[in-house]
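The values are calculated or read from the model by the stated rules, or taken from the named source; none is laboratory data. Keep in mind the model is a prediction, meaning the values are calculated, not measured. Heads up, the Cβs are rebuilt from the backbone with ideal geometry, glycines too, and the neighbour counts pull from every protein chain shown. Accessible surface areas use protein heavy atoms only, side chains included; no ligands, DNA or RNA. Shrake-Rupley method; radii C 1.70, N 1.55, O 1.52, S 1.80 Å.
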Amino acid sequence: SSTNATAVSATGNHNALVGEKHRLSAEIERIVQGHLKYKYEDVSDGWDLIHQEGEMKVYRREVEENGLVLDPMKIFHTIKGVTGHEICHYFWEFQYRMEWETTLDSTKIIEVLDPQTVVFYQVHKRVWPAAQRDSCFWSHIRSFTSSDEDQPTWLVVNYTTSHLLAPIKSPQVRIVANVALICETVINEPPLNPKDIKRENIECKLTYVAFVNPGGWVPSAALRSVAKREYPRFLKRFSSYVLEQTRDKPILF
Ligand code: H13
């Protein structure tokens, strides 16, 4: 259900125009470019394949700092019948969040920076071991085309930010994260007329990367087993949600 979803909307931000610069523009550019570069980094060295299911491959790199687990995650998946635009649309848009997210108590938009960028405040369920956690992050959606023949690549980046409307209230612990969902659309056996492309002709190749610092102290073994279970669960549930939502709708390229 989406009962916990409350939009504060464009609270007086009359500058939320396409292409308009704002206080986070430079940071967003830097983080987005970083993800695009990092995406091509290969996973053979230092990454462990911790879960494989159908087309889904979940990799993890074990990283600890002062006894705190910071393991980067990298997931590859191929979803037949949807486009990258559709995947990113359902991942980024606030209105669908509580329909596929099972690890949240609530979600709320606290600022609209431009039509592609909003700031979310979310309260997480206690699947995170120990104390309740929350998060505050900008979320940016974008598409770009590398050559005129290709389908555009779509991406969403979620990146922790501080915000006056989201002060840290202990004992609640703040999660710090840098997450990207990058999607490429492939058209198989393209019909002569692009208008004849059917869902059976398309698939989306997706890369999901997450750098998450859970904040506070969490026992390493517990955190690693929660991550191993929850990331594949999220991607399975989210991709079947998108398939279900788009099945009878025209293809959104
Ligand atoms: O990406 C996912 N959800 C986003 C939309 O709700 C929010 C997410 C984010 C989380 C925290 C801070 C900032 C952004 O991008 C899906 C997340 C699935 C997570 C599975 C639970 C993992 C639990 C283990 C954590 C190990 C560190």
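Pairing each residue of the range 11-39 that is closer than 21 Å to Tyr208 by Cβ with any residue that is among the charged types (D, E, K, R) and at pLDDT 75 or above, provided the two are 6+ apart or on different chains, yields C-beta distances under 8 Å for Val32/Arg142.
Listed here are the residues, each with its yes/no results for (1) among the polar types (S, T, N, Q); (2) touching a residue at least 12 places away in the same chain (Cβ under 8 Å); (3) more than 9 Å from the ligand (Cβ to nearest atom).
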{"position": "Gly84", "(1), (2), (3)": "no, yes, yes"}
{"position": "Ile87", "(1), (2), (3)": "no, yes, yes"}
{"position": "Tyr90", "(1), (2), (3)": "no, yes, yes"}
{"position": "Thr103", "(1), (2), (3)": "yes, yes, no"}
{"position": "Ser106", "(1), (2), (3)": "yes, yes, yes"}
{"position": "Ile109", "(1), (2), (3)": "no, yes, yes"}
{"position": "Val118", "(1), (2), (3)": "no, yes, yes"}
{"position": "His124", "(1), (2), (3)": "no, yes, no"}
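A single entry from Arg237, Arg199, Arg247 fulfils the requirement of being open to solvent by 40 Å² or more (accessible area, probe 1.4 Å) and under 17 Å from the mean Cα position of the chain (by Cα): Arg237.
Consider the range 198-215. How many of its residues are touching a strand residue (DSSP E or B) at 6+ places or on another chain (Cβ under 6 Å), outside any strand (DSSP E or B) and in contact (Cβ under 8 Å) with a residue 40 or more places away in the chain? It would help to see each step written out before you state the result.
The first filter runs over the range 198-215 and keeps only residues touching a strand residue (DSSP E or B) at 6+ places or on another chain (Cβ under 6 Å), leaving 201-213, 215.
In the following step, the residues that additionally are outside any strand (DSSP E or B) were identified as 201, 215.
From what is left, the residues that are in contact (Cβ under 8 Å) with a residue 40 or more places away in the chain are 215.
Result for the range 198-215: 1.
Please indicate, with yes or no, whether at least one residue in the range 23-41 is at pLDDT 95 or above, in a loop (DSSP other than H, G, I, E, B) and open to solvent by less than 50 Å² (accessible area, probe 1.4 Å). Yes: one or more hits.
Filtering the range 63-74 to residues that are free of Cβ contacts under 8 Å to residues at least 24 places away in the same chain and either open to solvent by 70 Å² or more (accessible area, probe 1.4 Å) or touching a His at 6+ places or on another chain (Cβ under 8 Å) (or both) leaves Glu65, Asn66.
For Gln52, the conditions (1) away from the ligand (no atom under 16 Å from the Cβ); (2) surrounded by 17 or more Cβ atoms within 10 Å (Cβ to Cβ); (3) in a strand (DSSP E or B); (4) not basic (Lys, Arg) are fulfilled apart from (2). Of all residues in the range 152-181, those satisfying the criterion of being part of a strand (DSSP E or B), within 16 Å of the ligand (Cβ to nearest atom), open to solvent by less than 50 Å² (accessible area, probe 1.4 Å) and β-branched (Val, Ile, Thr) are Val156, Val157, Thr160, Val173, Val179. No other residue among Thr185, Thr207 is closer than 26 Å to Val32 by Cβ and in contact with a Ser or Thr (Cβ under 8 Å, 6 or more places away or on another chain) apart from Thr185.
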